[in-house]
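Contents: one structure, followed by commentary.
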Amino acid sequence: MEMSEDDNNMEEYPTEIHDYLTAFEKSLGSVDEMLKTMMSVSRSELLQKLDPLEQAKLDLVSVYTLNSMFWVYLATQGINPKEHPVKQELERIRTYMNKVKEIADKKKASKLDKGAASRFVKNALWEPNAENEYTSKSPVKGKKRQKD
């Protein structure tokens, strides 16, 4: 009786981790596709299309990805990546990623339009008109409100 290649592979590792390995293989395929897409365009051409903030994001994601891949490589070689300098490098990159995120958030935050705020406040407050009567956005006192 012949064994297929899949049957041989199943004997090489515990069956409990088969689903994890399948998901890992699928993830590696996705990473490979993304890298091929990124590598198909020259870096200088890509950077010309991006503003400085987007360039920083791209650089940080690229270096973080490379260091993360090295982390996984160390783990596959039996080396504890938590005790390797790559851990400090990943933390340093994360710090810069957070700084770039703060800058992006500040850029997105709504700016105070002083003219619009002034008009809003001016229109919300009552002003005496030329006939010395008071006008307001609120209902005049003394008038009865009709009930529905």
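The values are calculated or read from the model by the stated rules, or taken from the named source; none is laboratory data. On a predicted model such as this, the values are computed, not experimentally measured, just so you know. Here the Cβ is made from the backbone with ideal geometry for all residues, glycine too, and neighbour counts use every protein chain on show. Only protein heavy atoms, including side chains, enter the accessible area calculation; ligands, DNA and RNA are left aside. Shrake-Rupley method; radii C 1.70, N 1.55, O 1.52, S 1.80 Å.
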For this session: Among what's in region 80-114 and is farther than 23 Å from VAL31 by Cβ and of a type in the set (Val, Ile, Thr), pick the residue that is surrounded by the fewest Cβ atoms within 10 Å (Cβ to Cβ).
Result: THR95
For this session: Would you mind stating whether MET10 is more than 23 Å from the chain's Cα centre (by Cα), open to solvent by less than 100 Å² (accessible area, probe 1.4 Å) and modelled with pLDDT under 85?
Result: yes
Exercise. Which residue pairs have Cβ atoms closer than 8 Å, lie 6 or more positions apart in sequence or on different chains, and pair a first residue in region 41-62 that is closer than 16 Å to ARG94 by Cα and open to solvent by less than 60 Å² (accessible area, probe 1.4 Å) with a second residue that is at pLDDT 85 or above and part of a loop (DSSP other than H, G, I, E, B)?
Worked result: LEU58/LEU50
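Here is a check on your reading of the model: is GLN77 more than 22 Å from ARG94 (Cβ to Cβ), open to solvent by 60 Å² or more (accessible area, probe 1.4 Å), modelled with pLDDT of 90 or more and polar (S, T, N, Q)?
Values: more than 22 Å from ARG94 (Cβ to Cβ): yes; open to solvent by 60 Å² or more (accessible area, probe 1.4 Å): yes; modelled with pLDDT of 90 or more: yes; polar (S, T, N, Q): yes.
It is true that GLN77 is more than 22 Å from ARG94 (Cβ to Cβ), open to solvent by 60 Å² or more (accessible area, probe 1.4 Å), modelled with pLDDT of 90 or more and polar (S, T, N, Q).
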